[in-house]
Amino acid sequence: MKHKEMVYLTPMPVRIWHWLNAFGILTLCITGLQIRFPEYISVFGAYKAAIRLHNTAGVVVSISYILWLSYYLLVARSLIKLYVPTLEDLKSGIFSQAYFYFLTYFFGRPNPHHSRPDSKFNPMQKAAYLVIMLVLLPLVIVTGVLLMYVSPLRELLLLLGGIKMLVGTHFLLACCFTAFLFVHIYLATLGHTPLAHFKPMWDGWEEESVDDSEPAKTVGS
Ligand code: HEM
């Protein structure tokens, strides 16, 4: 037998970080496009205005990233548990999750992963979020800061391959974020209703269907 249960999945600091970060990254993508292709895109009027907005959004995303990292490392102390895939995840979990997303979802089969406060993400989410949050986001922040202070950091820039290399890397990272955003938003709509995974990012709570034969787990955060 199965029953429905409300699970508190996303604490308030994570929700505030997420939407600040999402808004900031979207602003960065749009202003970045205008800065890169000014002859085709002019969403924010003058070129200089787009640069100012891009730099401001970059600072907001960087500060909120430091807060996110501090929260997970020092307050919740659950970064490794939630975000690092286990050996089991890598050996089989990722494949059964991909099988669900690519095939069985379309036949109405249930998601093999049930979110719990101590196991919020399925193996694919863990792998993707780990790369995004601990590799790509820090890299885009560092390359962005270097590009904001080209003159004072000239020596360091030359050591890292010069400005062209840096601009290219920053642009490539931005492309990764744009691709991630499309996949992230699409996969987030694959809950038992299209908005089921959005709800916990708004009020913290998600409705989960629980198998009565499973051993009970603590709910909280
Ligand atoms: C408009 C843009 C965005 C929307 C609509 C959105 C939507 C969502 C939703 C519905 C969830 C909860 C379900 C899930 O875990 O998949 C989520 C979680 C998450 N998203 Fe996004 N997202 C956006 C942008 C971003 C961006 C730009 C990043 C990273 C750079 C990001 C990183 C994450 C992370 C790390 C989580 C898990 C948070 C946690 O519970 O610790 N999202 N997002």
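The values are calculated or read from the model by the stated rules, or taken from the named source; none is laboratory data. Keep in mind it's a predicted model, so treat the numbers as computed, not measured. All Cβ positions, glycine included, derive from the backbone under ideal geometry; neighbour counts span all protein chains shown. Ligands, DNA and RNA are stripped out before the accessible areas are found, and what is left, the full protein with its side chains, is counted by its heavy atoms. Shrake-Rupley method; radii C 1.70, N 1.55, O 1.52, S 1.80 Å.
As an exercise: evaluate residue 26 against (1) part of a loop (DSSP other than H, G, I, E, B); (2) open to solvent by 40 Å² or more (accessible area, probe 1.4 Å) and give the number of the one condition it does not meet. That leaves (1) as the condition not met. Residue 124 fulfils the conditions (1) assigned to a helix (DSSP H, G or I); (2) open to solvent by less than 30 Å² (accessible area, probe 1.4 Å) except for a single criterion, (2). Quick one: how many residues across the range 127-168 are more than 16 Å from the ligand (Cβ to nearest atom), open to solvent by 30 Å² or more (accessible area, probe 1.4 Å) and free of Cβ contacts under 8 Å to residues at least 40 places away in the same chain? So the count comes out to 18.
The set of residues in the range 63-85 being of a type outside the set (A, V, I, L, M) and either in contact (Cβ under 8 Å) with a residue 12 or more places away in the chain or open to solvent by less than 40 Å² (accessible area, probe 1.4 Å) (or both) consists of 64, 65, 68, 71, 72, 78, 81, 83, 85. A search for C-beta distances below 8 Å between a residue of the range 14-26 that is more than 8 Å from the ligand (Cβ to nearest atom) and any residue that is assigned to a helix (DSSP H, G or I) and at pLDDT below 95, counting only pairs 6+ apart in sequence or on different chains, returns nothing. Among the residues of this structure, residue 171 counts as one that is in contact (Cβ under 8 Å) with a residue 60 or more places away in the chain, part of a helix (DSSP H, G or I) and either open to solvent by 70 Å² or more (accessible area, probe 1.4 Å) or more than 15 Å from the ligand (Cβ to nearest atom) (or both).
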